[in-house]
Amino acid sequence: MAFLACSVQPTNPKFGGIEIPVGEITPEIMKQQMTDEQWKHMYEMSHDKNLYQNMINSLFPSVHGNDEVKKGILLMLFGGVSKTTVEGTSLRGDINCCIVGDPSTAKSQFLKQVSEFSPRAVYTSGTYYFLMGVLDT
């Protein structure tokens, strides 16, 4: 697995209570907004061979197993790349994730954790819709 980025474009002007300027953020601008200690930490993380697994473990510390689901959710949080086809059709870079499984397999824990972490996430469950009579059994 490889990640390659030459710029960062925020989808939300606020993240973690900090104003993020709308538009392209180059590595130089990002470095100016960080303390030396934060930049050093980011640099060390970029050379960590276990970065992917460490990010998964820090995002879901209380959930054991389900590593493939965790990886998918992490990639969803980063998002994809917007593209335009030869015909001129615009394709969004959003990555959507549908988690279906047996009871007690941490599905709700994953969703609740992401909804607390991501500013654009909305948590809902099938129970709500079932009680509203939308689902037919």
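Here are the numbers for the structure shown:
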{"quantity": "Residue 87 of a type outside the set (Ser, Thr, Tyr), modelled with pLDDT of 85 or more and either over 19 Å from residue 62 (Cβ atoms) or exposed (fewer than 11 other Cβ atoms within 10 Å of the Cβ) (or both)", "calculated": "yes"}
{"quantity": "Looking only at the range 65-84, and only at residues there that are farther than 18 Å from residue 118 by Cα and at pLDDT 85 or above, the one that is surrounded by the most Cβ atoms within 10 Å (Cβ to Cβ)", "calculated": "66"}
{"quantity": "Verdict on residue 107 being without any contact (Cβ under 8 Å) to a residue 40 or more places away in the chain and of a type outside the set (Val, Ile, Thr)", "calculated": "yes"}
{"quantity": "Filter result for residue 37 (exposed (fewer than 10 other Cβ atoms within 10 Å of the Cβ), within 18 Å of the chain's Cα centre (by Cα), among the charged types (D, E, K, R) and at pLDDT 85 or above)", "calculated": "no"}
{"quantity": "Failed item in (1) in contact with a helix residue (DSSP H, G or I) (Cβ under 6 Å, 6 or more places away or on another chain); (2) outside any helix (DSSP H, G or I), with residue 86 passing the rest", "calculated": "(1)"}
{"quantity": "Hey, residue 121 of a type outside the set (S, T, N, Q), at positive phi and surrounded by 11 or more Cβ atoms within 10 Å (Cβ to Cβ) or not", "calculated": "no"}
{"quantity": "Residues of the range 53-64 classified as touching a residue at least 12 places away in the same chain (Cβ under 8 Å), assigned to a loop (DSSP other than H, G, I, E, B) and surrounded by fewer than 17 Cβ atoms within 10 Å (Cβ to Cβ), total", "calculated": "1"}
{"quantity": "Some residue of the range 96-109 being closer than 26 Å to residue 45 by Cα and small (Gly, Ala, Ser)", "calculated": "no"}
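The values are calculated or read from the model by the stated rules, or taken from the named source; none is laboratory data. What you see is a predicted model, and the numbers here were worked out from it, not measured in a lab. Cβ atoms come from the backbone with ideal geometry, glycine included; neighbour counts cover every protein chain shown.
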